[in-house]
Structures are given as structure tokens and as C-alpha cells.
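For reference, the structure is listed below as C-alpha cells.
The values are calculated or read from the model by the stated rules, or taken from the named source; none is laboratory data. Just so it is clear, the structure is predicted and the values come from calculations on it, not from any experiment. Don't worry about glycine lacking a Cβ; one is built from the backbone with ideal geometry, like all the others, and counts go over all protein chains shown. For accessibility, only protein heavy atoms count, side chains too; no ligands or nucleic acids. Shrake-Rupley method; radii C 1.70, N 1.55, O 1.52, S 1.80 Å.
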Amino acid sequence: MKLWKGRFSKASTSSADEFNASIEFDQRMYREDIAGSIAHAQMLGKQGIITEEESQLIVKTLKEILADIEAGKIEFTIESEDIHMNIETVLTERIGDTGKKLHTARSRNDQVAVDIRLYMKKETAAIDTLLQELMDALEKLAKEHTDTVMPGYTHLQRAQPVTLAYHLLAYYQMFSRDKERFADCLARIDRLPLGSGALAGTTYNTDRDFLAEKLGFASVLPNGMDAVADRDFAIEFIDCCAIAMMHLSRFCEELILWSSVEFSFIEMDDAYSTGSSIMPQKKNPDMAELIRGKTGRVYGDLMSLLTICKGLPLAYNKDLQEDKLPVFDAADTLKASLGIFTEMILTMKVQKENMESAAKYGYMNATDAADYLVSKGIPFRDCHEIIGRIVLHCIGKGIAIEEMTMEEFKSFSEKFEEDIYEKIAVRSCIKAKKSKGSTSFESVKEQLRAIQESSK
Ligand code: ARG
């Protein structure tokens, strides 16, 4: 039986019920819904809107319902449409008229808004933990690879030598900003919509501050119409998920490249790879590819909710029921991706020697050779041109710059001395970086120190 049966002379068709229902996906908010209802019932009792005995009976029964849901004893129905009405229906079946009083001074509009905010607070905390675990893994790997030299790329062309630790710490910074972004977003999720009624407030002497305190919200949303109508906090949450996925995806792309025979910089653990149904030699980095692919889905979630909200007149519209699917999907996908990614990088094998030998070829010390001539008083633009000619010469001979003889060096510039060989050796190039935040061994150690300091 529908909770609004009074106004209607005809029952809805089962296809309309099915189309209208959200229970299939919003049942995962049962804990939040019950928490919101318990706080609401306590508030109603405290304010004398219902009696204390009624309030206590409702609270006690809601707790029993919670236990029964967890024990799998309650079957939700499409007829009761969503999690809010399913729980209220069970409550009323159990305690009759008292159960019917729970919805005094409340609307499903503020109820659903409080449920999703509570749910997202929990998800934000879980994501925060997973991000921290990933950052810890990166820190651990970086510490192990402060001396692992590899090519640094721009345009995916060998550019300048760096250390793997430096490369990993670049991602550490990205994920630490993702964490900040979620914390920032949490500040806007953490505001209470409950008590706003359908849109205009209620005629009862409610206590929204009490509700906020009971439910652990930092503050009360000041305008009831805004409280039930906007989902900007959810859009922002998915945006945070999308950005974190984008970072994971870039990293995955690199790991996919690095595990190819062409690069051979890493080898994924067997446990995180798959084989081919036809080609016996294959070992595919499926996890990394899937994370890259799932990133597209999360972008879709973001676009989906932005579009759902676009053009909605105030206040609540049923369109908003569709907010949950993208929110749940984005959070589930990010959590699963973060978890598997961390395991994957902690188990992969780094092929240091291959990284290092790749760093020796590709003229990545050309900038350092130019800097050498600058130190001898030649203006940088001229040095750039001289070294450019040297590189062209070396490409022709199929040798590295440091494989030229002293005579060859001198034929390009009289300023070259014996120390050029030492100055353009791969580790010297790394060591010579002086700017704050560089790849120099010292700077990377400093970056690691700062990370340790900030996590104290
Ligand atoms: N299932 C609904 C949702 O998710 C709950 C709110 C319904 N409110 C209403 N006025 N029909 O949005």
C-alpha cells in the first residue's frame, strides 16, 4: 500500500512502479537512512512533537530493523519505491500508528539529501585512507629507488635523466593534492539538510542544531530550499574522483608502456597480469588497462550528474533520484582502482639496469653539455646551437656525446676541456641540478624528508 494513498483513486501500474523505484540502488544507504531517522525521532521526542515514549519506541524498532537488514531478514519491495519508504513501511508494520508519526516535520526530500551526504562522508573517509595507502607505497618505493636512474621524458621523447624516486614522487604530489581536494570537498558535504521539509521548512518547533550534532555534521544548511534542491557537493565529489582517476590513468599508461618489451623497465607480478587465450607468450597488464578504461566511466559519471542538474527548476525534482548512480559508481570505481593499483605497484619488479641503460642513450645530457659551455662564458643560445651540431654529428656516427674524442669536441669549440666527460656522465647530470624541487639526489632526499615531516 502506498504511503500517499489518500490522494489517489487508482493504483500505479507495475511498470510505472518499477520505473519509479530506486530501491534497487538506494538500498545501500540503509544505515544512513536509519541513522537519520533515529536522530529525527529523538529530536521529535526532545521537542515534544511526539512523546518521549513514542520516540523511544521508534528508535528501538529502527535499531531492530537495522539488525534485521544486516542479517538479511528484510526484503525490500519495489512497491515501497525507495529505501526511505521501505524502512518506514517496515517500521509501521511493526509498531503501527507510532511508526506513522516518524515522518512528522520531515519530507523525503530532506531525508534523501541527508542520506546521501552521510553516505558520501563515509566514502570520503574510505577514499582518504586508500589515497594515503597509495602515497605510503609511493614513498616506500621512492626510498628504494633514490639511486635508480631512468630517462625523463617530454613528448614521450627522451629528455633529461632523472631518478625513479623523482618520477614516483611526482605522483606522490598529485595524489596528495587529490587527498586535499577530497578534504576540501568534505567541508561542503558536511552540512546538514535535514529539517528543511519538502522545500519551505516546517511548522513544527524542530531543532536542526540538535540533528546536526547527533548526526555529526559540522553545520546546518542555512536555506531549506537550497538544502533539498542542490547537488553541487555531489558533483564536486565526482569531480574529485574523476581527477584522482585521471592521475591513476596517467600512471597506468606509463606502467603499460614500461612493461612492454620495447621499454622493459618493469615487470608486473603474475598475480596482477593476465594471459592471452591464443598467444601463449603474452602477459598483459590488464589491471592497469582497466583502471585507464574505468577513468572514462568516471568522467561519464561527472558529465551525467552535471547534466541531470542542469536546467532543474527549484526545488526538488525527481530527476535528482538519478544522482545516486553516478555518485556510487564514481566512488566504487575509484576505491577499487586505488586498492588494486597500490597492490600492483608494490608487487611489480623494477628492472633498474634497463632503466639506467636507457638513460645513457638518447642524448639526454645535451642540455648539460650546453650548460658546460655556458660555464665557459658562451651565451646559452650559441651553446644550444653548438651542441645541436654535435648531436647531429653523433647521430651520423651512431655514438653518444661522451663517446666523442677530445679532438672531436675541440673541433666544435675550443672551450671543451677533459672535464667535459665527467660533467656529462648520467649521474653528474642528475647531481648537478640545483633548483628547489629538482631531480638531484640531494633534492629528492629533501623531498622525502618533507613528506616524512608532513606525515608526522
Ligand atoms: N527516491 C527519491 C530520491 O532518490 C527520494 C525523494 C523523493 N521525493 C519526492 N518528492 N518524490 O530522490
**OP:** Would you please list the contacts, defined by Cβ atoms under 9 Å and residues six or more apart or on different chains, that run from a residue in the range 318-333 that is closer than 14 Å to residue 302 by Cβ and part of a helix (DSSP H, G or I) to a residue that is open to solvent by 60 Å² or more (accessible area, probe 1.4 Å) and away from the ligand (no atom under 12 Å from the Cβ)?
**Re:** 326/303; 328/28; 329/297; 330/297; 333/294; 333/297
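Inspect all residues belonging to the range 238-257 and state whether any of them is at positive phi and of a type in the set (Ser, Thr, Tyr). Reasoning before the result, please.
First pass over the range 238-257, keeping only residues at positive phi: none.
Scanning the range 238-257, I find no residue that is at positive phi and of a type in the set (Ser, Thr, Tyr), so the answer is no.
Among the residues of the range 360-370, write down those that are small (Gly, Ala, Ser) and either modelled with pLDDT of 95 or more or outside any loop (DSSP other than H, G, I, E, B) (or both).
Of the residues in the range 360-370, the ones small (Gly, Ala, Ser) are 362, 366, 369-370.
Within the range 360-370, 366, 369, 370 qualify.
When the residues of the range 100-124 are filtered to those that are under 30 Å from the mean Cα position of the chain (by Cα) and among the hydroxyl-bearing types (Ser, Thr, Tyr), which remaining residue is farthest from the ligand (Cβ to nearest atom)? Spell out how you get there, then give the answer.
Of the range 100-124, the ones under 30 Å from the mean Cα position of the chain (by Cα) are 108-124.
Right, trim to among the hydroxyl-bearing types (Ser, Thr, Tyr) and you get 119, 124.
Values: 119: 12, 124: 20 Å.
Checking each candidate, the answer is 124.
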Original post:
In the range 53-104, what residues are open to solvent by 10 Å² or more (accessible area, probe 1.4 Å), farther than 21 Å from residue 21 by Cβ and aliphatic (A, V, I, L, M)?
Top reply: 57, 59, 66, 67, 71, 95
Original post:
Given the conditions (1) aliphatic (A, V, I, L, M); (2) out of contact with any Ser or Thr (no Cβ under 9 Å at 6 or more places or on another chain); (3) in contact (Cβ under 8 Å) with a residue 40 or more places away in the chain; (4) open to solvent by 10 Å² or more (accessible area, probe 1.4 Å), and given that residue 255 satisfies all but one, which numbered condition is not satisfied?
Top reply: (4)
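For every residue, the table says whether it meets (1) in a helix (DSSP H, G or I); (2) of a type outside the set (Asp, Glu); (3) within 40 Å of the chain's Cα centre (by Cα); (4) surrounded by fewer than 16 Cβ atoms within 10 Å (Cβ to Cβ).
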{"residue": "345", "(1), (2), (3), (4)": "yes, yes, yes, no"}
{"residue": "372", "(1), (2), (3), (4)": "yes, yes, no, no"}
{"residue": "411", "(1), (2), (3), (4)": "yes, yes, no, yes"}
{"residue": "435", "(1), (2), (3), (4)": "no, yes, yes, yes"}
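Within 30 Å of residue 143 (Cβ to Cβ) and surrounded by fewer than 17 Cβ atoms within 10 Å (Cβ to Cβ): is that true of residue 452 in this structure?
Criteria met by residue 452.
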Original post:
Here is a list of conditions, (1) within 26 Å of the chain's Cα centre (by Cα); (2) within 16 Å of the ligand (Cβ to nearest atom); (3) of a type outside the set (Lys, Arg), and residue 138 meets all of them except one; can you say which number that is?
Top reply: (2)
Subject >> Matching entry among 305, 320 (being within 16 Å of the ligand (Cβ to nearest atom), within 26 Å of residue 123 (Cα to Cα) and in contact with a Cys (Cβ under 9 Å, 6 or more places away or on another chain)) >> reply: 320
**OP:** Might you check whether a residue that is in contact with a Gly (Cβ under 8 Å, 6 or more places away or on another chain), modelled with pLDDT of 95 or more and either among the small types (Gly, Ala, Ser) or open to solvent by 60 Å² or more (accessible area, probe 1.4 Å) (or both) occurs anywhere in the range 386-399?
**Re:** no
Original post:
Among the residues of the range 1-52, how many are on the phi > 0 side of the Ramachandran plot and either open to solvent by less than 30 Å² (accessible area, probe 1.4 Å) or within 16 Å of the ligand (Cβ to nearest atom) (or both)?
Top reply: 0
Original post:
Pick from 239, 230: which is of a type in the set (D, E, K, R), open to solvent by 40 Å² or more (accessible area, probe 1.4 Å), within 16 Å of the ligand (Cβ to nearest atom) and at pLDDT 95 or above?
Top reply: 230
**OP:** Return only the number of the condition from (1) small (Gly, Ala, Ser); (2) touching a helix residue (DSSP H, G or I) at 6+ places or on another chain (Cβ under 8 Å); (3) without any contact (Cβ under 8 Å) to a residue 24 or more places away in the chain that residue 107 does not satisfy.
**Re:** (3)
**OP:** Could you give me the residue pairs with C-beta distances under 8 Å whose first residue belongs to the range 12-40 and is touching a residue at least 40 places away in the same chain (Cβ under 8 Å), whose second residue is within 12 Å of the ligand (Cβ to nearest atom) and among the small types (Gly, Ala, Ser) wherever it lies, and which are 6+ apart or on separate chains?
**Re:** 23/80
Original post:
What residue, among those in the range 282-298 that are touching a residue at least 12 places away in the same chain (Cβ under 8 Å) and outside any helix (DSSP H, G or I), is nearest to residue 168 (Cα to Cα)?
Top reply: 285
Subject >> Extreme residue, farthest from the ligand (Cβ to nearest atom), among residues of the range 323-340 that are in contact with a Lys or Arg (Cβ under 9 Å, 6 or more places away or on another chain) and within 15 Å of residue 293 (Cα to Cα) >> reply: 337
